[in-house]
Amino acid sequence: MRFANPAGLWLAALAVPVVLLYVLRPRRPPVEVSSTYLWEELSDPVSVASPWQRLRPSLLLALQLLAVLLLAAAAAQPVRATAAPLARHTVFIVDASGSMAAADGRPDRLGAAVARARDLRDQLPAGGVASVVVASPQPRVVLSSSPDRRAFDEAVGAIRTTAGAADFATAFSLAESLETPATPVGFLLLSDGGLTNAEQALIPPGTRYVRIGSQSTNRAISRLTVEPRGSGLHARVSLRNTGGPAATQQLRIDVDGVTAHRERVTLEPGAALEREVGIPAGDRIEAFLEGEDLLAADNRAVAVASARRPLRALWAGPDDLYLDRLLAVLPELVVERAPEGRPAPGYDLAIYAGV
């Protein structure tokens, strides 16, 4: 059991003033005397009240404390989470973003999600159908309202992780478009999380969430930029510890397949780090963050340092002022007019104006 509104438990603090009322209540013990005649000449009254009293159990106190506790519990809204049965038409939304390639699954998180989806498919009621939506940078429907178990296994088995983040907004929209008027529909999301607040607000009502993955240890190369400097290149590498404890790993930079720089870097939890390195001139620059973590896909980055070569374009047709101005903004494009007869080979682009 858990509480939907844990802040409501603060109302239980009302028990403190209730107890104080019983402890601080003045108490004047009755005393029998033979006569008050001798006290009449006293001008100032004498108080025999005791300001602090020993807390004595009473039924009224117990009922008042019980009322306070029930009020706090009601405000905290206790709920009990139970696995809801699958609907006759269940739409499985499988996260295929880059983080699903993390290695805390069998063989990775996506593999664990596929295995879990197949197990849950067995819980469909008799005559039930299943649909599958892949949440990726370009979400798609890979199975629609199918009662065939084999087709379901093939559909989820063909899902592959992608390099980018999932477009959950489009995936949820696709899932809701598969609703069948005559059959009750339910939604089941298999993901490792990471949804933004805006994406969480778009989750179809009643969606059952199955969390995949239990660890968050990961370091990554978040950016690699290269610019000419002198006779060589200047590389800037951005690193980030996206989860887990501090770690010391090795940063390696290759130029055209040859290692040009190595250094050890320490990444504190949640910290970002930048390294600027002078390297020899080359065309293909690769940065590697060597060492074990959950996600190997973000431990490598590639940049191209060579300038683009000039492009030759063949112009065929009459003059066109607008096309001339459009092509003039491309400094690396050289436009040549078509000669008489057959043009020579070697052009990158042919432009036919008015043909």
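Please state which one of SER177, SER191 is more than 22 Å from the chain's Cα centre (by Cα), modelled with pLDDT of 90 or more and not aromatic (Phe, Trp, Tyr). Can you show your working first?
Working: SER191 fails: more than 22 Å from the chain's Cα centre (by Cα).
Just one listed residue meets the conditions, SER177.
Within segment 196-212, which residues are assigned to a loop (DSSP other than H, G, I, E, B), out of contact with any strand residue (DSSP E or B) (no Cβ under 9 Å at 6 or more places or on another chain) and surrounded by 13 or more Cβ atoms within 10 Å (Cβ to Cβ)? First the steps, then the outcome.
The initial filter retains those residues of segment 196-212 that are assigned to a loop (DSSP other than H, G, I, E, B), namely 196, 202-207, 212.
Next, only the ones that are out of contact with any strand residue (DSSP E or B) (no Cβ under 9 Å at 6 or more places or on another chain) stay: 196, 202.
Within segment 196-212, just LEU202 meets the criteria.
Restricting attention to segment 1-28, report how many residues are in a loop (DSSP other than H, G, I, E, B) and either within 53 Å of the chain's Cα centre (by Cα) or modelled with pLDDT under 70 (or both).
Our first condition is that a residue be in a loop (DSSP other than H, G, I, E, B); within segment 1-28, this holds for 1, 4-5, 24-26, 28.
Narrowing further to those that are either within 53 Å of the chain's Cα centre (by Cα) or modelled with pLDDT under 70 (or both): 1, 4-5, 25-26, 28.
Number of matching residues: 6.
State all residues of segment 290-316 that are in contact with a helix residue (DSSP H, G or I) (Cβ under 9 Å, 6 or more places away or on another chain) and either open to solvent by less than 60 Å² (accessible area, probe 1.4 Å) or without any contact (Cβ under 8 Å) to a residue 40 or more places away in the chain (or both); if no residue qualifies, say none. Working first, answer last.
First, pick out the residues of segment 290-316 that are in contact with a helix residue (DSSP H, G or I) (Cβ under 9 Å, 6 or more places away or on another chain): 294-298, 313, 315.
Within segment 290-316, LEU294, LEU295, ASP298, ALA313, TRP315 qualify.
Can you tell me which of (1) part of a loop (DSSP other than H, G, I, E, B); (2) over 17 Å from the mean Cα position of the chain (by Cα); (3) surrounded by fewer than 21 Cβ atoms within 10 Å (Cβ to Cβ) is the one PRO137 doesn't meet?
The single condition PRO137 does not satisfy is (2).
Take the residues of segment 72-107 that are at pLDDT below 90, over 19 Å from GLY213 (Cβ atoms) and not small (Gly, Ala, Ser): which is surrounded by the most Cβ atoms within 10 Å (Cβ to Cβ)?
Only one residue fits best here, namely LEU86.
Identify all residues within segment 271-287 that are open to solvent by less than 60 Å² (accessible area, probe 1.4 Å), more than 13 Å from ALA235 (Cα to Cα) and at pLDDT 90 or above; write none if there are none.
Of all residues in segment 271-287, those open to solvent by less than 60 Å² (accessible area, probe 1.4 Å) come to 271, 273, 277, 279, 282, 285-287.
Next cut, more than 13 Å from ALA235 (Cα to Cα) only: 271, 273.
Passing the criteria: only LEU273.
Looking at segment 221-229, can you tell me whether even one residue there is of a type outside the set (A, V, I, L, M) and in a loop (DSSP other than H, G, I, E, B)? Walk me through it before giving the result.
So the first thing to find is which residues in segment 221-229 are of a type outside the set (A, V, I, L, M), and the list is 222-223, 225, 227-229.
Next cut, in a loop (DSSP other than H, G, I, E, B) only: none.
Scanning segment 221-229 turns up no residue that is of a type outside the set (A, V, I, L, M) and in a loop (DSSP other than H, G, I, E, B).
Looking only at segment 322-335, decide whether some residue is part of a loop (DSSP other than H, G, I, E, B), open to solvent by less than 70 Å² (accessible area, probe 1.4 Å), touching a Pro at 6+ places or on another chain (Cβ under 6 Å) and in contact (Cβ under 8 Å) with a residue 12 or more places away in the chain.
Step one: of segment 322-335, the residues part of a loop (DSSP other than H, G, I, E, B) are 329-332.
Now narrow it down to the ones that are open to solvent by less than 70 Å² (accessible area, probe 1.4 Å): 332.
Those left that are additionally touching a Pro at 6+ places or on another chain (Cβ under 6 Å): 332.
Filter once more, so that each one left must be in contact (Cβ under 8 Å) with a residue 12 or more places away in the chain: 332.
Yes: one or more hits.
The values are calculated or read from the model by the stated rules, or taken from the named source; none is laboratory data. None of the values given here were measured: they were computed from a predicted structure. When we count neighbours, we look across all protein chains shown, and the Cβ atoms used for this are built from the backbone with ideal geometry, even at glycine. These accessible areas exclude ligands, DNA and RNA; they are computed on the full protein's heavy atoms, side chains included. Shrake-Rupley method; radii C 1.70, N 1.55, O 1.52, S 1.80 Å.
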